[in-house]
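Colleague: I'd like to ask some things about the structure below.
Any read-out appearing in this document is the output of simple, stated calculations on the displayed coordinates, not a laboratory observation. Predicted model only: the values in this text are computed from it and were never measured. When we count neighbours, we look across all protein chains shown, and the Cβ atoms used for this are built from the backbone with ideal geometry, even at glycine.
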Amino acid sequence: MTESANLQDLIEPVVVAAGFSLVRVSLSGGQNLVLQVMAEDPATGQMTLSQCAALSRKLSAMLDEADPIEDAYRLEVSSPGIDRPLTRLHDFAKWAGHLARVELAQGLLLNGAERKRFQGALAGIEGEQVLLDAEGLGRIVLPFSAIATAKLLLTDALIAATVPLDAEGADDIEDEEDADETALLQTRKDA
């Protein structure tokens, strides 16, 4: 099992206990490691800044105690955003009708050519298969287990479908007093 999978097993119960759904766990960055935890409120599909801060505090306490990462890292807790990654099978059903970019771990033979990357409108799911109306190919069926990455593409229709919960303060310039709250979202573990 990969380090990200182990981290997900550790993080997901905390996220669920806090009332959220885990979207993705990612550890990246080489010398400057970043542990990104992407979550959403199941009722809205989004998270407010205060929800991110509250979840960050809970995760930080658990991670300090469990100490799963040897090196120093920064914890980032965020909402999936508008052009969100599609990481769970039900994401492909929920966002049917919207444009997405999908990349497979290995190529798939279609019309005599092997392809790994596809773009088109999501058409739902059938069992463990993702349906995609792929540009230039028509309806194709992709095994969910073969998908390496997938994300929604920013369109006017997607923007209309994901109106922000609260845009208050989005255009404000952060000053030093606001930095304390932002620091809750980015916690550095001592090396």
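Colleague: So between Glu12 and Ser60, what do we pick up on full extension, going 0.36 nm a residue minus the alpha carbon distance?
Modeller: Going from the current span to full extension adds 16.0 nm.
Colleague: Let me ask something else. Using the Cα gyration tensor of the range 61-106, with a ≥ b ≥ c the square roots of its eigenvalues, what is the shape: rounded (a/c below 1.5), prolate (a/b larger than b/c) or oblate (neither)?
Modeller: prolate
Colleague: Label-point separation (nm) for Ala53 and Lys94, each offset 7 Å from Cα along Cα-to-Cβ?
Modeller: Roughly 2.5 nm, to one decimal.
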